[in-house]
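See structure below.
The values are calculated or read from the model by the stated rules, or taken from the named source; none is laboratory data. Not measured: the values here are computed from a predicted model. Ideal geometry is used to build each Cβ from the backbone, glycine not excepted, and the neighbour counts take in all protein chains shown. Side chains included, ligands, DNA and RNA excluded: accessible areas come from the protein's heavy atoms. Shrake-Rupley method; radii C 1.70, N 1.55, O 1.52, S 1.80 Å.
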Amino acid sequence: MFRGFYTAGSGMIAQQRRTEMLANNMANANTPGFKAEQSTIRSFPEMLMSSVNATRIPTEKGLHYKGITLVGPLSTGVYMQETLPLFTQGSLRETGMTTDVALIDVNLPVNTETNERGTVFFRLENENGNELYTRNGNFTIDANGNLTNPMGYYVLDSNGQRIQLQSDEFTISDNGVIMQDGATVATLGVSFAEQPSSLLKQDNGLFASQNGNLPGTQGGFSFQQGYLEGSNVDAAKTMTDMLAAFRAFEANQKILQAYDRSMEKAVNEIGRVN
């Protein structure tokens, strides 16, 4: 009885965490460059139940192993193993701001071993000098003329240097070349992740590499100035998944209540001495 109690409880915890993940996706449905998260739910290892010193066969087929009568496998519940971002291209939204730029996937290579398509990112430098990556091209110019993201992190060029501009009157070509007053200022830096699922997700739509900085790349993408890449969250599907997760949580809750009533009856009635 207690095994079933814990199995239903683990199902409730897994669905609660899945609901929290889906709620975070929904909250960021309008966040530029946000990548929706997906969950993987797995079951704990099953236990093989056996009957010790049994006088009768508890199964129709009478399974035996080394003189022990086998009852059969017992599930020990489920858990949410991990969450992985979905790196598909979000829809483009026109803003008209010269400091806004969208990074567009064109023909990125696919890993032949994992069948996972690579992804490109803008390169950023945080206050500690570490390199981070983002798809959010909502940039601005700080008081010192540096091109930065909303958190104040520096946008890097193709050489890993900060980009300095005189004003917001500049143009960006489809290959990332920044022109101001008829002169070339820099080329927007882009890094390529062959296996984007291995990146560490940070706050505010940022990603970090586990094994040093990501390499640069020269092809397979383009830029669009005056546009932002929107979130790739499918709001309708997310709402449907949230309802399904809630119903699964509710079903496990009903099972848990049934076990609770059974244990209450066992304590209060079966063990009563007349």
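Can you tell me which residues in the stretch 1-41 are open to solvent by 50 Å² or more (accessible area, probe 1.4 Å), assigned to a loop (DSSP other than H, G, I, E, B) and touching a helix residue (DSSP H, G or I) at 6+ places or on another chain (Cβ under 7 Å)?
1
Among residues belonging to the stretch 125-148 that are in a loop (DSSP other than H, G, I, E, B) and either in contact (Cβ under 8 Å) with a residue 60 or more places away in the chain or of a type in the set (Asp, Glu) (or both), point out the one that is surrounded by the fewest Cβ atoms within 10 Å (Cβ to Cβ).
Across the stretch 125-148, the extreme among qualifying residues is 127.
From the list 219, 230, which one is in contact (Cβ under 8 Å) with a residue 12 or more places away in the chain, under 22 Å from residue 138 (Cβ atoms) and of a type outside the set (Lys, Arg)? Walk me through it before giving the result.
Working: 219 fails: under 22 Å from residue 138 (Cβ atoms).
Answer to the selection: 230.
Any chance you could count how many residues in the stretch 221-232 are open to solvent by less than 20 Å² (accessible area, probe 1.4 Å) and under 24 Å from the mean Cα position of the chain (by Cα)? Full working, then the answer.
First, the residues of the stretch 221-232 that are open to solvent by less than 20 Å² (accessible area, probe 1.4 Å): 223, 226, 228-231.
Checking which are under 24 Å from the mean Cα position of the chain (by Cα) leaves us with 228-231.
Residues that pass the stated criteria total 4.
Tally the residues that are modelled with pLDDT of 80 or more, assigned to a strand (DSSP E or B) and among the small types (Gly, Ala, Ser), restricting the search to the stretch 69-102.
The qualifying residues number 1.
Select from the stretch 184-207 the residues that are open to solvent by less than 50 Å² (accessible area, probe 1.4 Å), part of a strand (DSSP E or B) and more than 13 Å from residue 35 (Cα to Cα) and list them in ascending order.
186, 187, 188, 190, 191, 192, 193, listed by residue number.
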